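Structure record follows, encoded as structure tokens.
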Amino acid sequence: MEPSRRYWAIVALVAFLAVGGAAIRRKTLIVGAAVLGGWLLAQQFRFVRGLRSTVGTVDIEQTLSQRTVTAGDSVTVALSVTKPALTTLDLAVTASPPLGTTGGAEPDRTVALGGQETTTAFELSLPVAGEFEFDRPRLSATDALGLFRAVVPVGTAESITVEPRAPRDMHIGEAGDRIATGLGEHTSDQRGSGLEPATVRQYTAGDDVRRIDWKATARLNHPHVREFELETDPTTALFVDHRSAMATGRDGQTKLDYAREVALAFVNSARSLRSRVGLYTVGDAGTTNALSPHSSAEHYRRLRRVLGDLRPIGTDETASRTLRPRRTTGETSRAAASLADDESPFGRTLRPYFDARTSYVHRIADQPLARTVRQQSLQLNDTAWSIIVTDDTNREAIRDAVTVGRRGNGQVMVFLTPSTLFEAGGLADLKAAYEAYASFESFRRSLSSLERVSAFEVGPGRRLSAVLSAQSSRRERATPGRGST
Amino acid sequence: MSERRSGFVTVSHGPVGVLGVIVAASALAVTADQYGLVGGALLVLAVIFPPPYTVALGHVLLVALDPNGLSPAALVAVEAGLLASLVDASASTARGRDAVAVLTAVGLVVGVVWGSLRLGATHWTSVGLLALVVGLGSYGLHRYELVRFDLVGTDK
């Protein structure tokens, strides 16, 4: 409750009468002060009672045009308020958009309650990716005499998810061909009791008679049994590279933007399959996030948040700034952890500054990707799937990482962003671009040829098509008459 | 009915308030002998100032008169008239229970102060008691509002 100047003016009047009465020893003045003091108390009581009644009966609806938007997009917020019939207070309701939004000046998002039902709508732009919450709208109430004012949250809070701006022509495939299977789905390569038919083989002594496939037996004239793919719940470890090299590319279409989409697809797939997935992000100087495999809804949300916040990070500039000795990494982590549950205005204000800071979990000077895969693979079981999302700038390191990831029975999928498809002016010389791509493709094939390893290219589909079609045209020109009769 | 907007407070004199001021002014004019003009002065002040200020100035005028110049009945009439204008000041939209709330609060505070004076407390003690009652009452309502509307811990 905020007393107004008018209130304090009358309090001063009460004080004047009371002190004056005591000074000149006149009871009449003191009684006059008591009359005004009692009147002020009554006004305050009336205000609180009216506010209680109003908050209990006011009908406020805050609706967002979309629950999920892309960073930089706009969302329309509609605020509809129905004024209680029996209120003596002057009322206004203001929407409370989250920090970081632009647009929606306070007059635009405020509804002054004149008539019975009032509505306003305003547009907000959300330039930063993440989960945001629109606080409950604030009801501002002033009594008819203008003595008191109070601001009370009413209605319900709304949340919105802002997805990072994603590339539009995503290509994932091999040698220019798109892969057909969904990301995150993988065969177990083990036979057993399951639902997916795998193969039919001849009956051998010791096989359960119930497993005989009678149709196949009749067709092939020998007893055959059908085998099913063993259902497993594999653990997936995502290793996402966000070194400074991943910043290559146009705004919103960098290597990291493509890598992020691949990683998000795996997280989404894991969420729908309820499988365990962990995330390890790698900067130029080491591991920046190490989130062990888990399968809770909160864990999936956290992975999405971390991936959404991922930015290219180098060894010198960003990392050294975040590791300035005024606050150690551990202190930063502890502060961020303690602020995570702090719902006070202090905590809410400071949290974004700590969340935005990227710090290294493990500093690794040499070959951070391979070292990170090695470190984390030791803590995973032998059948874990390792998904490595990186670029092709350090091929030796990738090969090392793959070797470590496929130890035991581990399966490895590598998603590589060919640098030639991202470099500015990279397609000016299509011949050179193709040669660079051919080199990349050769490297990718060499990875794919390894046992339990699949390697894919990730990049802008149109640019890849341009490179490949230019080469096709050149071949056709080089062999005129070929194909014609 | 007249309405004024001053820099301090905006209130209106309703019919009851106008009647209250007339009663108070009449009681002063009729019973204060040669100082009866004070009643006229109160009427003029009531036109110029909003009710809370009118009430304060009314009490100043009462003090200006010799206490012996007013009979107890006239004093009660003046206080009742001023109180009526005060009740009416908050009664532009008020219903009966608002008037009851004002009369109860005023009665309580005046009762405490008057009772202390009657029991022999000094004037300063009574003023301290007045400050205590009003301060505690106001703070209690403020805390109730914070808890009732879940505002504890917020900056509002």
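The values are calculated or read from the model by the stated rules, or taken from the named source; none is laboratory data. Fair warning: this is a prediction, and the values are worked out from it, not measured in the lab. Note that each Cβ is placed from the backbone with ideal geometry, even for glycine, and that neighbours are counted across all protein chains shown.
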Check your understanding: Considering segment A:74-86 alone, what residues qualify as being out of contact with any Phe, Trp or Tyr (no Cβ under 7 Å at 6 or more places or on another chain) and either buried (at least 19 other Cβ atoms within 10 Å of the Cβ) or not assigned by TED's automatic domain parsing to the domain that holds A:Gly146 (or both)?
Key -> A:Val75, A:Leu79, A:Val81, A:Lys83
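Among B:Val16, B:Val44, which is modelled with pLDDT of 75 or more, touching a helix residue (DSSP H, G or I) at 6+ places or on another chain (Cβ under 8 Å) and more than 14 Å from chain A (Cβ to nearest Cβ)?
B:Val16
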Point to revise | Looking only at segment A:28-55, and only at residues there that are surrounded by fewer than 21 Cβ atoms within 10 Å (Cβ to Cβ) and free of Cβ contacts under 8 Å to residues at least 12 places away in the same chain, the one that is farthest from the other protein chains (Cβ to nearest Cβ) | key: A:Arg49
Check your understanding: Could we say that A:Val11 is surrounded by fewer than 23 Cβ atoms within 10 Å (Cβ to Cβ), facing another protein chain (nearest Cβ under 8 Å) and at pLDDT 90 or above here?
Key -> no
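Residue-wise test of (1) among the hydroxyl-bearing types (Ser, Thr, Tyr); (2) within 14 Å of chain B (Cβ to nearest Cβ); (3) in contact with a helix residue (DSSP H, G or I) (Cβ under 6 Å, 6 or more places away or on another chain).
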residue: A:Thr110; (1), (2), (3): yes, no, no
residue: A:Leu126; (1), (2), (3): no, no, no
residue: A:Phe132; (1), (2), (3): no, no, no
residue: A:Asp135; (1), (2), (3): no, yes, no
residue: A:Ala141; (1), (2), (3): no, yes, yes
Revision key, fill the gap. Of the listed residues (A:Leu99, A:Leu89, A:Leu64, A:Leu79), the one being more than 22 Å from A:Phe134 (Cα to Cα) and touching a residue at least 12 places away in the same chain (Cβ under 8 Å) is A:Leu89
Check your understanding: Among the candidates B:Gly36, B:Gly7, which residue alone is over 16 Å from the mean Cα position of the chain (by Cα), farther than 19 Å from A:Ala12 by Cβ, at pLDDT below 80 and not assigned by TED's automatic domain parsing to the domain that holds B:Gly111?
Key -> B:Gly36
Review point. Name the pairs: first residue in segment A:272-291 and in the same structural domain as A:Ala259 (by TED's automatic domain parsing), second residue among the small types (Gly, Ala, Ser) and surrounded by fewer than 21 Cβ atoms within 10 Å (Cβ to Cβ), Cβ to Cβ under 6 Å, at least 6 apart or on different chains?
Key: A:Arg274/A:Ser295; A:Arg276/A:Ser295; A:Gly278/A:Ser292; A:Tyr280/A:Ala290; A:Asp284/A:Ser244; A:Asp284/A:Gly314; A:Ala285/A:Ala319
Point to revise | Count of residues meeting criterion [surrounded by fewer than 19 Cβ atoms within 10 Å (Cβ to Cβ), under 20 Å from the mean Cα position of the chain (by Cα) and in a strand (DSSP E or B)] in segment A:159-181 | key: 4
Check your understanding: How about segment B:120-145: which of its residues are at pLDDT below 90 and either in contact with a Ser or Thr (Cβ under 8 Å, 6 or more places away or on another chain) or among the hydrophobic types (A, V, I, L, M, F, W, C) (or both)?
Key -> B:Ala121
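In segment A:56-73, which residues are under 16 Å from A:Pro127 (Cβ atoms) and crowded, with 17+ Cβ neighbours inside 10 Å? Please lay out each step first, then the result.
The first filter runs over segment A:56-73 and keeps only residues under 16 Å from A:Pro127 (Cβ atoms), leaving A:66, A:68-73.
Of everything in segment A:56-73, those that are under 16 Å from A:Pro127 (Cβ atoms) and crowded, with 17+ Cβ neighbours inside 10 Å turn out to be A:Val69, A:Ala71.
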Exercise for review: Collect the residues in segment A:114-142 that are among the hydrophobic types (A, V, I, L, M, F, W, C), within 29 Å of A:Arg165 (Cα to Cα) and assigned to a strand (DSSP E or B), keeping them in residue-number order.
Suggested key: A:Ala121, A:Phe122, A:Leu124, A:Phe132, A:Phe134
Revision key, fill the gap. B:Ala80 fails exactly one of (1) surrounded by fewer than 21 Cβ atoms within 10 Å (Cβ to Cβ); (2) at pLDDT 85 or above; (3) in contact with a helix residue (DSSP H, G or I) (Cβ under 6 Å, 6 or more places away or on another chain), namely (3)
Practice item. Could you look through segment B:91-125, keep only residues that are facing chain A (nearest Cβ under 7 Å), over 25 Å from B:Gly14 (Cα atoms) and more than 17 Å from the chain's Cα centre (by Cα), and pick out the one that is surrounded by the fewest Cβ atoms within 10 Å (Cβ to Cβ)? Key: B:Trp124
